[in-house]
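Accompanying notes for the structure given below.
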Amino acid sequence: MYFQGSLLDTGDTASLGALGDRVQRRELARGAWVDVRPGWVTGADPLFLTLQTEVRWRAEKREMYDSVVEVPRLLAHFGADATWPHPVLEQMRDALSTHYGAELGEPFSSAGLCYYRDGRDSVAWHGDRIGRGRSEDTMVAIVSLGTPRRLSLRSRPDLPKSEGGGPGGETIGFVVGHGDLLVMGGSCQRTWDHAVLKTARPVGPRISIQFRPRGVL
């Protein structure tokens, strides 16, 4: 999959900028929020190419109704005790743990990677609610590399209207680009869904790196 590097990102190695007041927070309903830090990663081109070519990406299949379908993206996961594919990912984890430690109350521990090969690859509406995110406030931090894609969020349609749910609720979106950081926090995983939807536009590949605390899936 061909990746068109950035003309503005001329670094030979990946490095991280400051967080602090460079992080912009948007408050959402019911105690949810989203932080954005554009251009957190510089020298992101070689990092993207390293992950694209050296990570052992796996394809998964899932049952849907009466058939088994391919998951429309490639996946990889690195737990706390794994050998991570690039040292800058560990630097990201540590920087995020330092910046959000007091608010989160614990460090980030794992990294899940998704490889979107083109506009046909996607992730459907969901919240990270299999683990502790189902009942607790938590955070999921996403670093985006490669072609910009839109991360859409909507208030959960299955929640009662008294809790801000139901059809016709609020929908917002963030276009996350090469080297951008986006963090979903507070009640976001419980009260909002998020998705990267398919697009008919010709788009290049994208890698999403999701950092989570222990027990958040």
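For region 52-60, the criterion of being under 17 Å from the mean Cα position of the chain (by Cα), assigned to a strand (DSSP E or B) and at negative phi is satisfied by no residue at all. Restricting the first member to region 89-102 and to residues that are touching a residue at least 60 places away in the same chain (Cβ under 8 Å), and the second to residues that are surrounded by fewer than 22 Cβ atoms within 10 Å (Cβ to Cβ), the beta-carbon pairs closer than 7 Å and six or more apart or on different chains are Gln91/Leu16; Met92/Leu16; Ala95/Leu16; Ala95/Leu19; His99/Leu19.
Quick one: count up the residues across region 70-102 that are surrounded by fewer than 17 Cβ atoms within 10 Å (Cβ to Cβ), aliphatic (A, V, I, L, M) and assigned to a strand (DSSP E or B). The qualifying residues number 1.
Restricted to strands (runs of 3 or more DSSP E) entirely inside region 110-217, those with at least 2 residues that are hydroxyl-bearing (Ser, Thr, Tyr) are 149-155. Just one of the numbered conditions (1) surrounded by fewer than 14 Cβ atoms within 10 Å (Cβ to Cβ); (2) out of contact with any Asp or Glu (no Cβ under 7 Å at 6 or more places or on another chain); (3) on the phi < 0 side of the Ramachandran plot; (4) at pLDDT 95 or above is not true of Arg25: (2). Close contacts from region 176-194, counting a first residue that is in contact (Cβ under 8 Å) with a residue 60 or more places away in the chain and at positive phi and a second that is outside any strand (DSSP E or B) and aromatic (Phe, Trp, Tyr), with Cβ to Cβ under 7 Å and a gap of 6+ residues or different chains, come to Gly179/Trp40.
The values are calculated or read from the model by the stated rules, or taken from the named source; none is laboratory data. These figures come from a predicted structure and were not determined experimentally. Here Cβ is always computed from backbone atoms with ideal geometry, including for glycine, and neighbour counts include all displayed protein chains.
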